[in-house]
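Student: The structure's right below; bear with me while I get my questions together.
The values are calculated or read from the model by the stated rules, or taken from the named source; none is laboratory data. Here the structure is a predicted model, which is why all the values come from computation and not from measurement. FYI the Cβ positions are ideal-geometry reconstructions off the backbone, even for glycines, and counts take in every protein chain you see. For the accessible areas, the whole protein counts, side chains as well, though only heavy atoms, and no ligand, DNA or RNA atoms are used. Shrake-Rupley method; radii C 1.70, N 1.55, O 1.52, S 1.80 Å.
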Amino acid sequence: MMENNNLIDTVDKTRLPKHIAIIMDGNGRWAQQRGEQRVFGHNNGVQSVRETAEAAAELGVKYLTLYAFSTENWNRPKDEVDALMHLLVVTINNEIKTLNDNNIRLRVIGNIQCMDPQVKKELAEAMEKTAGNTRMDLFLALSYSGRWEIVDAIRKIAQQVKDGTLSPGQINEKLVSASMNAPDLPDPELLIRTSGEYRTSNFLMWQTAYTELFFSSKLWPDFRKEDLYEAIIDFQHRERRFGKTSEQIINCKG
Ligand code: FPP
């Protein structure tokens, strides 16, 4: 308990990342270590989602994006996909009240058309019921991959060129960013991946060009508030240069 208090006190609340993105990995291994089916890990991962969202909102983080289901996850055994869809339906439904109590707005990025109709229904309802919340936007990336999102953006831009409303010379980074799934979502300053894997696995490819990466050895169902604090503290000790030299940074800051 003492340890928790100390860690949260060490977070500099004036220099928080505005947007944190998380690759929640290791549910399957967590279950296997306990001799259980993979879905047992996903079920236990829900508590980590709750704690992380609550901790981020309490600190004052404005956007939290969780990689909940990747395009590649469709290739998992049908039983596991069905169990994940069921878990999403139940969890989204159960959490609407907590989201509202915490003033958190639920949003989605990804190829939602592909989702199970029941998931789509629950999501639409949860998004509508939390639409007025302003403390933090909680984005779920569902049926999502970074390359898919970039292809989707290219398609939208190509259509405008075809329609004659845009010339190729007008295509720039700003327009590409604005053609992403959630144009108002700022690039994440911090990306966390759990389970000791050192990859970004097709998550927010366009948006993470300058993102600081934090790799936690914890498996996702073990990830708790203090693990989020640890990642933020680590981030706050880094110098973000965006291609400038150290001297320029120091000079600019006076
Ligand atoms: C990765 O672990 C995790 C997932 C593919 C699913 C994440 C889902 C949850 C945490 C539960 C529901 C979430 C919400 C937002 C309600 P893995 O299965 O790849 O683990 P492994 O690498 O050990 O096999």
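Student: What FRET efficiency would be calculated for the residue pair Ala131, Glu247, taking the C-beta separation as r and a Förster radius of 41 Å, to the nearest 0.05?
Tutor: On the way: r = 46 Å, r/R0 = 1.12.
Once rounded, the FRET efficiency stands at 0.35.
Student: Which of Leu166, Phe235, Asn43 sits closest to the plus end of the dipole of the chain, meaning its Cα is farthest towards the positive end, when Lys and Arg get +1 and Asp and Glu get -1 on the C-beta?
Tutor: The residue sitting most towards the positive pole is Leu166.
Student: Which loop trypsin sites (Lys or Arg not before Pro) in the stretch 185-254, with loop taken from DSSP, have no more than 13 other Cβ atoms within 10 angstrom of their Cβ?
Tutor: Working: sites: Arg193, Arg199, Lys218, Arg224, Lys225, Arg238, Arg240, Arg241, Lys244, Lys253; in loops: Arg199, Lys218, Arg224, Arg238, Arg240, Arg241, Lys244.
Sites meeting the loop and neighbour criteria: Arg199, Arg238, Arg240, Arg241, Lys244.
Student: Hey, if you put +1 on the Cβ of every Lys and Arg and -1 on every Asp and Glu Cβ in the stretch 13-104, which of Ala56, Met24, Thr98 ends up farthest toward the positive end of that dipole?
Tutor: Ala56
Student: Still on this structure: With a cap of 11 neighbouring Cβ atoms within 10 Å, and only residues DSSP puts in a loop, list the chymotrypsin sites (Phe, Trp or Tyr not before Pro) found in the stretch 98-203. Could the numbers behind the result be given before it?
Tutor: Working: sites: Phe139, Tyr144, Trp148, Tyr198, Phe203; in loops: Tyr198, Phe203.
Within the stretch 98-203, the qualifying chymotrypsin sites (Phe, Trp or Tyr not before Pro) (loop, at most 11 other Cβ atoms within 10 Å) are Tyr198.
Student: A follow-up question, please. Which percent of the accessible heavy-atom area of the chain goes to carbon and sulfur, probe 1.4 angstrom? Write out the running numbers ahead of the final one.
Tutor: Working: 6730 of 13370 Å².
Answer for the chain is 50 percent, counting heavy atoms of protein chains only.
Student: Determine, at each q value in 0.10 (inverse angstroms), the log₁₀ of I(q)/I(0) that the Debye formula gives when each Cα of the chain is one equal point scatterer.
Tutor: -0.53
Student: Per residue, how much accessible area does the chain show when a 1.4 Å probe rolls over the protein heavy atoms, in square angstrom?
Tutor: On the way: 13370 Å² over 254 residues.
Spelled out: the 1.4 Å probe surface of the chain, per residue, equals 53 Å².
Student: Quote to one decimal, in nm, the extra length available between Leu213 and Asp184 on full extension: 0.36 nm per residue of separation minus the C-alpha distance between them. Before the final figure, lay out each step's value.
Tutor: Numbers: separation 29, 0.36 × 29 = 10.44 nm, distance 2.18 nm.
Extending this stretch completely gives an extra 8.3 nm.
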